[in-house]
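Since the structure comes first, as structure tokens, the remarks are kept for the end.
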Amino acid sequence: MADNDIPTENGANGAGENGEMESVPFMIGAQYIKDFSFENPRGIETLSSIQQNPDVNVDVSTNARAIGEEGMFEVLLFIRAEAQVDDSPVFIVELTYGGVVQVTGVPEEEVKPIVLIEGPRHLFPFARSIVSNAVRDGGFPPLLINPIDFGTLFVQQHVDSEGSDI
């Protein structure tokens with residue numbers, strides 16, 4: 001069974017034996033770019049003079065807040081990547097990618113980890129693609145961000161702190 005498969009006693013469509021729909025504990029209702037920026041501070045100078053691969057620093061963080069009705073959350077995935085050659089900026093890309101997630105039928109103490117681990121995990125491939133394409137469209141080789149362990153990131157950012165509004 002894959003990580004993201006949700007074991008159920010029902011058929012594949014979520015319908016029980018009598019055809020009634022069962023609720024899924026985690027669903028993504030919408031995804032969107034909340035904020036986005038790409039900068040090539042030195043313009044054509046950078047594109048024509050790069051002789052070596054730039055050093056790229058990528059920072060990723062997450063946040064979430066409750067919205068609307070019970071069990072609905074806005075999850076935000078922040079990605080910032082800065083490339084430098086000899087301490088001069090080559091490009092800077094910043095993305096805030098959001099999603100609306102719904103969590104139902106789970107104990108209250110499990111909601112925060114589900115929202116802040118599973119939400120970003122499902123949003124990440126789309127955000128990664130946006131960053132990669134923007135860097136490529138900016139005239140550079142695509143930036144391929146390695147997969148991220150959102151469980152570890154959750155512990156670093158949110159477990160002993162109040163880093164989210166849920």
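Computed from the coordinates by the stated procedures, all read-outs in this text should not be read as laboratory data. Predicted, not measured: the structure shown is a model, and the values here were computed from it. All Cβ positions, even for glycine, are placed from backbone atoms using ideal geometry, and neighbour counts span all protein chains on display.
Counting neighbouring Cβ atoms within 10 Å and putting the fewest first, the residues ASP87, ASP59 line up as ASP87, ASP59.
Take the alpha carbon gyration tensor of the range 84-124, find the square roots of its eigenvalues, order them as a ≥ b ≥ c, and report rounded if a/c is under 1.5; if not, report prolate when a/b exceeds b/c, else oblate. Taking the square roots of the gyration eigenvalues as a ≥ b ≥ c, the range 84-124 is prolate. Couplings 3J(HN,Hα) for the range 102-119, derived from phi with the Karplus relation 6.51 cos²θ - 1.76 cosθ + 1.60 (θ = phi - 60°), are 10, 10, 9, x, 10, x, 4, 5, 9, 5, 4, x, 5, 4, 8, 10, 6, x Hz, where x marks Gly and Pro.
Each 5 Å bin from zero holds the following percent of Cα-Cα pairs in the range 26-158: 2, 10, 20, 19, 15, 11, 9, 6, 4, 2, 1, 0.
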